[in-house]
Structures are given as structure tokens and as C-alpha cells.
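The values are calculated or read from the model by the stated rules, or taken from the named source; none is laboratory data. Values in this document were obtained by computation on a predicted structure and should not be read as measured data. Quick reminder, even Gly has a Cβ in these numbers, built from the backbone with ideal geometry, and neighbours come from all protein chains shown.
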Amino acid sequence: MTINWHLHGASQAYIEWFEVPQALRGRGLGTRAYVAWERSLPAKVKTIRLHAADAGDGASDQFWERLGFAYRWTQDDLDGAVAAGADGAELAQEMVKTRRASRARGR
């Protein structure tokens with residue numbers, strides 16, 4: 001399994017890459033790896049963002065939604081993306097999760 005991420009500002013984490021090999025999917029390993037990773041984040045991280053990959057079967061969306069993520073963007077996000085040439089399909093890929101204080105390390 002692979003999780004690549006970085007801090008974005010003081011209070012956001014951005015998941016660049018999260019992958020569970022196809023042969024290991026469906027066993028809960030990805031969920032357990034994600035939960036352990038999120039619990040290891042500093043308490044100052046309040047928001048986690050990612051761009052969900054779309055394999056056409058909806059599995060990625062379902063995985064992230066079960067973990068509390070939802071599609072969201074702000075007007076600034078839209079303006080910046082449109083200015084950079086993004087189309088609607090690219091915009092719809094960003095998912096965001098707001099962490100609850102009880103899940104953050106250093107409660």
C-alpha cells in the first residue's frame with residue numbers, strides 16, 4: 001500500500017496518492033491504513049483534501065465517502081481551476097473531509 005501526502009498550509013493535509021494493490025482490495029486493508037494514517041496526523045490538521053481517481057466503477061468514490069469525504073469546492077477553487085484551464089470533470093474530482101476534534105491526535 002502507498003500513501004503519499006503533504007501538509008498544505010498549517011491546517012490542511014493533501015493526499016497525493018493512496019493506492020491499495022488490486023489483489024489486496026476488498027479486505028479492509030485500505031480502510032485500516034487510512035484510519036491509522038489519519039490518527040497519526042498532528043492535531044492542527046483540520047481538513048484533508050484529495051482528488052479521487054475514477055476507474056469508471058464508482059468504487060473510489062464509495063471508498064472515500066465511507067471514510068467521511070465529500071465533493072466540495074469554493075468559488076476561489078473554481079475561479080483558479082477555470083483560469084488554469086480545468087474542465088468540470090476535473091473540478092468534480094476534489095473531495096474534502098473536515099476532521100472532528102476527537103479524531104485528531106493530541107486531543
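Every condition in (1) of a type outside the set (A, V, I, L, M); (2) at pLDDT 90 or above; (3) in contact with a Phe, Trp or Tyr (Cβ under 7 Å, 6 or more places away or on another chain); (4) within 17 Å of Val96 (Cα to Cα) holds for Glu65 except the one numbered (3).
Taking the conditions exactly as written (surrounded by 15 or more Cβ atoms within 10 Å (Cβ to Cβ), under 18 Å from Val96 (Cβ atoms), among the β-branched types (Val, Ile, Thr) and at pLDDT 90 or above), does Val45 satisfy them or not? In short, yes. Within the range 1-19, the set of residues being touching a Phe, Trp or Tyr at 6+ places or on another chain (Cβ under 9 Å) and not in a strand (DSSP E or B) comprises Met1 only.
Results for (1) at pLDDT 90 or above; (2) surrounded by 10 or more Cβ atoms within 10 Å (Cβ to Cβ); (3) touching a Cys at 6+ places or on another chain (Cβ under 9 Å); (4) within 19 Å of Trp5 (Cβ to Cβ), shown as yes or no for each residue.
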{"position": "Glu38", "(1), (2), (3), (4)": "yes, yes, no, yes"}
{"position": "Phe69", "(1), (2), (3), (4)": "yes, yes, no, yes"}
{"position": "Asp79", "(1), (2), (3), (4)": "no, yes, no, no"}
{"position": "Arg99", "(1), (2), (3), (4)": "no, yes, no, yes"}
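Check whether at least one residue in the range 53-60 is assigned to a helix (DSSP H, G or I) and of a type outside the set (Ser, Thr, Tyr), and report yes or no. Yes: the range 53-60 contains one or more residues that are assigned to a helix (DSSP H, G or I) and of a type outside the set (Ser, Thr, Tyr).
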